[in-house]
Amino acid sequence: MSSSVKPEPAKGSIKTLIGLLPFLQPYKRQFLLAGLALIVAAAATLAIPYAFKQMIDLGFGAAGSKSASHINLYFLALFGVACILGVATALRFYMVSWLGERVTADLRSAVYAHVVTQSPQFFETTKTGEVLSRLTTDTTLIQTLVGTSISMALRNGLLFIGGMVMLFITSVKLSSIIIVMLAAVVLPIVFYGRRVRKLSRESQDRVADASALAGEILNAMPTVQAFTHEEIEAKRFGTSVERAFHTAMQRIRARSVLTMMAILLVFGAIVFVLWLGAHAVVQGTMSGGQLGQFILYASLVAGSIGALSEVLGDTQRAAGATERLLDLLAAQSPVQSVLLPETLPPRTANGAALQLDDVVFHYPSRPDSNALMHLSLDIKPGETIAVVGPSGAGKTTLFQLLLRFYDPQHGKITLDGVDIRFLTLPALRNAIGIVPQDTVIFSENALENIRFGRADASDEEVIAAARMAAAHEFIERLPQGYQSFLGERGVRLSGGQRQRIAIARALLKNPPLLLLDEATSALDAESERLVQVALEAAMVGRTTLVIAHRLATVQRADRIVVVEHGRIVETGTHTELIARNGLYASLAALQFNTD
């Protein structure tokens, strides 16, 4: 199925909440405890009107000392019911709040753990800001559902059923009239509730759009400021926020009308019935205690209906949020580990053998444009292969296929004789180290940024990798040395320093296959010389593929592969390719003549 998570407007019904059952099932005992507390609290609430009836009819109706003893007895009983109600309500609140927090935490972890396994194809069609919105805003709505709304729905459902039973016990005539009138007012409430659900989903989508826009701009602030787009982007975000606000106000107005309809219609029906009851007391067909009991039960029924309409609105919003999160969980990466994987042979002293056999590939978002065309390449263990060519020739695409971010539509790639599609993704990627063109630095200190290459590496191994990458000296000069925080995306470092951190990270991993994508492009001449020496030492004992636009960095490669329009057009050493006077020679002449 497609990995896009854009929702379909037709979805979002409350039936979607069934998808939360796998997250609720592990906590059956907690739900049982909450349910018992809920039943006790509801029973105590339903007992209060009956206690008032007894107090009015028997306590106030008796005379002398007997009256005082009855009053004491019924007030004590009423206080006892209140104590039970207080304890049961507190226990119910604690248990359902715990469940809300626990289920939300599990859901966030599950969604995040699933998203990070997706291939780059997923992120071609999904904005990270939208994913973050779903992890925060949508899971908060589900927390409200599990931690509050379900409990309130069950509580008010019990009060409604129990209250109706007690109303019929008190007066069948008046209760029958209430039932008929309630049936007449519930239908418009349910019909209008559908509009509230639709607007709730639209409101959540607009908030996600604003979050996605903010995330994109905040991650590109240097570019935004360099082009003096601060005011423009602030207006864009303001427009997106206003759109979300207006959609939210539509939802709020609809919910307000729904709540008003529920309260006016339901209480109007109840007031009319109570008017009939008052006449029954005057006529002597009903006692004052019975009327008081009927009033209290009618209030409980009316209050429970009003609360249920509020819960319905929360439930509809949570249904929309659940659908969006389940869309994320349903997204399947087209790149999967096989069920019965093969294993790589033991590592040799020379590195890994790599073979590409008639590889054809196009990006899923660009099916009509092949990025690689019938590409075949045989690389022996320990070889250093340079891949050069004009921008857009397919060099970085080749690295993405080697890491199995994508699978080719035709042909195969083997590592040490094993088709990489038959390896587990961890086994394949653990055998490959990469220094990407766009260096990623995490919001951590220097030590942990390098340790990202191998999580179990010791501090000494991290420092040794930094020395090999010519990063040790500048790290030592940082305010706290290796403990220095590097800033979000490494904003406290220069481009060359960030690249040396990335090189150290790859060297710490110590893989048999090393991929260098413009590894020295951001370095000054002195740093490039130091890193080049370190890289040449690191290439010993492993196979290396180097992408470089600066041809001076690849002249000592064992072979140079020239790629154009996704095809290999030339192969040979620097001297051989210059002598052929082909594409490589023209690139070299253009570059060296301008240097």
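Overview of results
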quantity	calculated
Cα-based Lys proximity count in the chain, under 23 Å, for pairs eight or more positions apart or on separate chains	16
Kirkwood-based shape ratio for segment 338-482, expressed as Rg/Rh from alpha carbons	1.02
Sorted by Cβ neighbour density within 10 Å, fewest at the top, the residues Met260, Met373	Met260, Met373
Highest average packing first - 392-400, 293-301, 275-283, Cβ atoms within 10 Å	293-301, 392-400, 275-283
5 angstrom amide H check on Val569, placed H, neighbours 5+ away	Val562, Val563, Glu564
Scattering profile of the chain at q = 0.11, 0.12 Å⁻¹ [log10 I(q)/I(0), Debye over alpha-carbon scatterers]	-1.11, -1.24
Residue-count net charge about Asp558 - beta-carbon cut-off 10 Å; Lys, Arg +1, Asp, Glu -1	+2
Residues Glu231, Glu448 arranged by fewest to most Cβ contacts within 10 Å	Glu231, Glu448
Kirkwood hydrodynamic radius of segment 341-398, Cα pairs, Å	13.6 Å
More than 29 Å apart - percent of Cα-Cα pairs taken over segment 16-330	53 percent
Rounded FRET efficiency, nearest 0.05, which uses the C-beta distance separating Thr128 from Asp407 and R0 of 25 Å	0.60
The chain, relative contact order in percent, only Cα pairs under 8 angstrom and at least six apart counted	15 percent
Footprinting exposure proxy for Met166, Met261 (fewest neighbouring C-beta atoms within 10 Å first)	Met261, Met166
Taking all pairs of distinct alpha-carbon atoms in segment 92-183, Kirkwood radius in angstrom	16.6 Å
Taking segment 16-330 and dividing mean pair separation by its residue count, relative contact order in percent (alpha carbons under 8 Å, at least six apart)	32 percent
Interchain or long-range residues, amide H under 5 Å from Gln336's placed H	none
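The numbers here are math on the coordinates, done by the rules we state, and not lab data. Computed from a predicted model, the values in this text were never measured in an experiment. Positions of Cβ are backbone-derived with ideal geometry, glycine not excepted, and every protein chain shown enters the neighbour counts.
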